Amino acid sequence: MDLTVVILTRNESANLSECLKTIRSGVSVLVVDSQSSDQTVQLAKNSGAQVLETTQWLGFGHQRNLALSH
């Protein structure tokens, strides 16, 4: 069974690197980003995470369900 960690973000460049360091090797990471204006998306991509960028924030549940559909 494959394991994927989902991280919902918006302007989290100050915290994302430390968060990603806690994820074990071999675990996939999906970052769902909602219009970050900092380096969040680039940091996620540089770490090897799959990044899904959304154009609007429709709430936590919507973002989580969007991630689950991918």
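The values are calculated or read from the model by the stated rules, or taken from the named source; none is laboratory data. What you see is a predicted model, and the numbers here were worked out from it, not measured in a lab. Every residue, glycine as well, gets a Cβ built from its backbone with ideal geometry; the counts of neighbours run over all protein chains shown. Side chains are part of the model used for accessible areas, which takes the heavy atoms of the whole protein and leaves out ligands, DNA and RNA. Shrake-Rupley method; radii C 1.70, N 1.55, O 1.52, S 1.80 Å.
Give me a count of the residues in the stretch 53-69 that are touching a residue at least 12 places away in the same chain (Cβ under 8 Å) and assigned to a helix (DSSP H, G or I).
Total satisfying the criteria: 6.
Only one residue in GLN50, GLN56, GLN39 is surrounded by fewer than 17 Cβ atoms within 10 Å (Cβ to Cβ), within 11 Å of ILE7 (Cα to Cα) and not small (Gly, Ala, Ser), so which one is that?
Within the list GLN50, GLN56, GLN39, the selection yields GLN50.
Return the residue satisfying two criteria in turn: it lies in the stretch 1-30 and is part of a loop (DSSP other than H, G, I, E, B) and in contact (Cβ under 8 Å) with a residue 24 or more places away in the chain, and of such residues it is most open to solvent (accessible area, probe 1.4 Å). Outline the logic, then answer.
We begin by selecting, within the stretch 1-30, every residue part of a loop (DSSP other than H, G, I, E, B); these are 1-3, 10-12, 22-27.
Then keep just the ones that are in contact (Cβ under 8 Å) with a residue 24 or more places away in the chain; that gives 2-3, 10-12, 27.
Details: ASP2: 146, LEU3: 111, ARG10: 130, ASN11: 63, GLU12: 64, VAL27: 39 Å².
Selected residue: ASP2.
For the stretch 31-48, what are the residues that are over 21 Å from GLY61 (Cα atoms) and part of a loop (DSSP other than H, G, I, E, B)?
SER37, ASP38, GLN39, SER47, GLY48
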